[in-house]
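Encoded as structure tokens, the structure appears first; notes follow it.
Throughout, read-outs are computed from the coordinates displayed, never taken from laboratory work. Quantities reported herein were computed from a predicted structural model and do not represent experimental measurements. Glycine also receives a Cβ, built like all others from the backbone with ideal geometry; neighbour counts cover every protein chain displayed.
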Amino acid sequence: MDRDDNHVYQYILNELGTSGSRDGPRARFKGRIPPKRLKKAIVGYVNTYIKCSQCGAPDTHFIKEDRTTMLKCQACGATRPVKL
């Protein structure tokens, strides 16, 4: 996904509404979380912070313009603001 591990981890924690811990590449979440709910959180992250809204390509990266963080597509060149 080529994104910061902490950003992905914090997003998933917020979506699941739980606490957790990290041990290197492994993440542990408190409580019972159904696989469907975890998958929904990951798909939400991908749709918000990875896929281009114009062409649907996953070839995106963050750029900073003034005080706004933008998601820029390397395939079609489209940009859109995102909240980090």
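Which one is surrounded by the most Cβ atoms within 10 Å (Cβ to Cβ), of the residues in segment 1-36 that are hydroxyl-bearing (S, T, Y) and in a helix (DSSP H, G or I)?
Checking each candidate, the answer is Y11.
Check off (1) in contact with a helix residue (DSSP H, G or I) (Cβ under 8 Å, 6 or more places away or on another chain); (2) surrounded by 13 or more Cβ atoms within 10 Å (Cβ to Cβ) for S53 and give me the number that stays unchecked.
Of everything listed in (1) in contact with a helix residue (DSSP H, G or I) (Cβ under 8 Å, 6 or more places away or on another chain); (2) surrounded by 13 or more Cβ atoms within 10 Å (Cβ to Cβ), S53 misses just condition (1).
Residues checked against (1) part of a helix (DSSP H, G or I); (2) under 13 Å from R3 (Cα atoms); (3) not acidic (D, E):
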residue	(1), (2), (3)
A41	yes, no, yes
Y45	yes, yes, yes
Q54	no, no, yes
I63	no, yes, yes
K72	no, no, yes
C76	no, no, yes
R80	no, no, yes
L84	no, yes, yes
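Condition check ((1) touching a residue at least 40 places away in the same chain (Cβ under 8 Å); (2) within 15 Å of K83 (Cα to Cα); (3) in contact with an Asp or Glu (Cβ under 9 Å, 6 or more places away or on another chain)) across all residues:
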| residue | (1), (2), (3) |
| --- | --- |
| M1 | yes, no, no |
| H7 | yes, yes, no |
| L16 | no, no, no |
| F29 | no, no, no |
| I33 | no, no, no |
| C55 | no, no, no |
| D59 | no, no, no |
| K64 | no, yes, no |
| T68 | no, yes, no |
